[in-house]
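These notes are about the structure you will find just below.
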Amino acid sequence: MVKLTLIARVTDGLPLAEGLDDGRDVPDSDYYKQQVKALFKNLSRGQNEASRMSIETGPYIFHYIIEGRVCYLTMCDRAYPKKLAFQYLEDLKNEFERVYLNQIETAARPYAFIKFDTFIQKTKKLYQDTRTQRNIAKLNDELYEVHQIMTRNVQEVLGVGEKLDQVSQMSSRLTSESRIYADKAKDLNRQALIRKWAPVAVVLGVVFLLFWVRNKFW
């Protein structure tokens, strides 16, 4: 059974639409939505670039497709047929592109196309019961194949992003420390020059003063 549906722009992870009544029967639905947001963040950094993927998380599984720099994602029970899940996403993609294609890149606020929820709910109802004649026909459709779609674990997928974050933070820290070191090195060089030439400057100052006094009073 379809539990959650979210649509986001891949370039920056901006959520564009969501099933508004999704997750009501899912314990810890906020926890899974956080995982989805983390996944969108990873995708916006160019990770997990497969255009279709399934990701196991607890008793559920995320399925997503990426088309036209938009990610269409749903979370289903593990027992829900993979083939139906991806056909559901295909239906959402086709309608979303038909209605909003020219507005996707210019969307500036989260959930700019929240009205798409109406289509999400209508389509979800068609896919909920896997025993209907319509869905059985889709399951038997040999032209639509999903065996090649990779399945991974959510810790494996999101862990890649966490490691890259750590590397990025370490790189930023090293850059900051190198700047501090460079500033300190400049200060030390300046102080060394002062110590080296200060006596010379004092001697020259005394000589100049004596020369001035001699010329003025003698």
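Computed on the Cα atoms alone, the convex hull of segment 59-167 gives a volume of 145 cubic angstrom per residue.
Work out, in µm²/s and without decimals, the Stokes-Einstein translational diffusion coefficient of segment 1-112 at 37 °C, 0.692 mPa s, Rh from Kirkwood over C-alpha pairs. Value of D from the Cα-based Kirkwood radius: 234 µm²/s.
Counting only protein heavy atoms and a probe of 1.4 Å, the accessible surface of segment 1-65 is 49% carbon and sulfur. Ligands, DNA and RNA left out, the 1.4 Å accessible surface of segment 96-140 is 54% carbon and sulfur atoms.
Within segment 112-153, the percentage of alpha carbon pairs spaced more than 12 angstrom apart rounds to 71%. Computed with a 1.4 Å probe over protein heavy atoms only, the accessible surface of segment 1-109 comes to 42 Å² per residue. With 19 Å as the limit, the listed pairs Lys41/Lys122; Lys37/Lys125; Lys3/Lys37; Lys3/Lys124; Lys33/Lys138 have Lys41/Lys122; Lys37/Lys125; Lys33/Lys138 beyond it between alpha carbons. In terms of Cα atoms, the Rg and Dmax of segment 11-57 work out to 11.9, 32 Å.
The values are calculated or read from the model by the stated rules, or taken from the named source; none is laboratory data. Predicted model only: the values in this text are computed from it and were never measured. Remember, those area values only see protein heavy atoms, side chains included, never the ligands or the DNA or RNA. Shrake-Rupley method; radii C 1.70, N 1.55, O 1.52, S 1.80 Å.
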